[in-house]
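The values are calculated or read from the model by the stated rules, or taken from the named source; none is laboratory data. None of these values were measured; they are calculated from a predicted model. Cβ placement follows ideal geometry from the backbone for every residue including glycine, while neighbour counts extend to all protein chains displayed. Note: accessible area is taken over every heavy atom of the protein model, side chains too, but ligands, DNA and RNA are not part of it. Shrake-Rupley method; radii C 1.70, N 1.55, O 1.52, S 1.80 Å.
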Amino acid sequence: MTGTGSSRLSGSLSRAVAGLLAVAGIGGAAIGCSPARQPDAARWKLTSQAEPLVAAPGLRARIFAALDAAEKAGTDPSLSKFQVRAATVIEHDGARREIVGGNSEYAGLPEAIHGETSLLNHVINAVGPDEARRAVDFIAFHSQHCGGGGSCGDCRDYLMTTTRWQDLLVVCGQASDHSVHVERFAKGIVGEDQFPEVALSAIGLPARRVDELARAAAEARRGGVSLFTSEAEHLGVAALTTTGRIYRAAGADDAAFHYRYPVGAVLQQAATYRDYFVQAVVVAGAAGRLPRLRYRDRQYGYEFSSFNRKRGLEPIRLILVEEAPGAEPQALRYRLTTFEDALPGAFSATDFMPDAVDRFLDRGPGR
Ligand SMILES: [Zn+2]
């Protein structure tokens, strides 16, 4: 939701971080929650596009108060230096409460708790999950620049679980001119049943190749680790690169709940062989069920598809395979889209460091 480059990343990263700060007891109130202050209404100015989305005066007041609070939210972006400061103000028990979140990075690797994840975690800490789902109607970011990108895939997954996301608003307050930009979170959500169903002949690859990929994905699904993952959610994936190689992977879970997503896994395998340019990713799920592809996994695909776009190649074809109900096992339905369409408003490394991505891809012989 925030603007270009760093601000967009910061918005996304910050959403995960505030939770850690709260757990650490940083910043006074243990969960970053306190009675809402009186907003300086004259300080913030809604854009004309934002005004109809936030018509109610009470909502506007809460948004302005949240932007004031977000401005002061603590962050710890040790690696990226991008600060994502988030806040919301909810009505709870007859009073307004402001709650903040922010990004923090850790492990000396590009790992982060993101601002919006952090924020919602703090709301749940403060009022419980049911009340959080009822009361949170917006997330506000304080940013250097607004406009453009949305949350990362993982934050979309988390917000879809913890909020009434169909009604959720994403607010960005721009530091330089105090303009307030508002969008619907739902603009970044595309259900799998909205991916167009296509005939095998319309996929743009030889039918025999698509069939080979579908079989490879189904075979991959027999593996992986699904000790905590339901049968309905377990996925297998196959990827075809421009070198003609096919890679396979399945989802894998563990006791720490650090799920390894199958699209991410199959692309990591290809990258291990310096095979960075992917023609198609095929996803197979449980029999008779349309595979559900989480937004975090869409993010992995989007990052790789941005490598294609860097080189003038077509975006990666994202193909979901579903057995037609009541049909012979060989009768498959295909839904075809791209990671670009499946993750609207996404960002990738090519947005933040295009020259570095060029240099990186130039070193790799796989194309
Ligand atoms: Zn995120």
Quiz prompt | Fully extended contour minus Cα-Cα distance, from T243 to A202, at 0.36 nm per residue | solution = 12.6 nm
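If I stretch the segment between A55 and A256 completely, what's the gain in nm (0.36 nm per residue apart, minus their alpha carbon distance), one decimal? Present the calculation step by step, with values, prior to reporting the outcome.
Working: separation 201, 0.36 × 201 = 72.36 nm, distance 4.33 nm.
68.0 nm is the gain from fully extending A55 to A256.
Using helices alone, what [θ] at 222 nm do you get for the chain, with -39,500 (n - 2.57) per DSSP H run of 4 or more residues, divided over all residues and rounded to the nearest 500?
-9500 deg cm²/dmol
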Quiz prompt | Gaussian network model of the chain, springs between alpha carbon atoms under 10 Å - residue of G94, G312, G149 with greatest fluctuation | solution = G94
Quiz item: Sorted by average packing, counted as other Cβ atoms within 10 angstrom per residue and highest first, what order do 268-274, 254-260 take?
Solution: 268-274, 254-260
Quiz item: Between Y106 and T272, what is the label-to-label distance in nm when each label sits 7 Å out along the Cα-to-Cβ direction?
Solution: 2.6 nm
Quiz prompt | Angle in degrees between helix 115-127 and the longest Cα principal axis of the chain, rounded to the nearest 10 | solution = 60 degrees
Quiz item: Under a GNM of the chain (C-alpha, springs under 10 Å), which listed residue has the highest mean-square fluctuation: G204, G150, G251?
Solution: G204
Practice problem: Give the carbon-plus-sulfur fraction of the accessible surface of the chain in %, rounded to a whole number; probe 1.4 Å, heavy atoms of protein chains only. | Solution: 52 percent
Practice problem: Calculate, in nm to one decimal, what D341 and R164 gain on full extension: separation in residues at 0.36 nm each, minus their alpha carbon distance. | Solution: 61.5 nm
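Counting alpha carbon pairs within less than 8 Å and at least 6 residues apart, what relative contact order, in whole percent, applies to the chain?
Rounded, it is 16 percent for the chain.
For the ranges 136-143, 121-128, what's the packing order if you count other beta-carbon atoms within 10 Å of each residue, average per peptide, and put the highest first?
The packing order, highest mean first, is 136-143, 121-128.
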Quiz item: Whose amide H sits under 5 Å from the amide H of R317, counting only residues 5 or more places off or on another chain, with H placed in the peptide plane?
Solution: A280, V281
Self-check item: Residue-wise HN-Hα coupling along region 81-97, computed from phi with Karplus coefficients 6.51, -1.76, 1.60 (Hz; x: Gly, Pro)
Solution: 6, 8, 8, 10, 10, 10, 7, 9, 10, 10, 8, 8, 6, x, 10, 9, 10
Quiz prompt | Residue-normalised accessible area of the chain, given per residue in Å² at a 1.4 Å probe | solution = 44 Å²
Quiz item: So for the pair D177, A287, with labels modelled 7 Å out along Cα→Cβ, what separation do we get in nm?
Solution: 6.0 nm
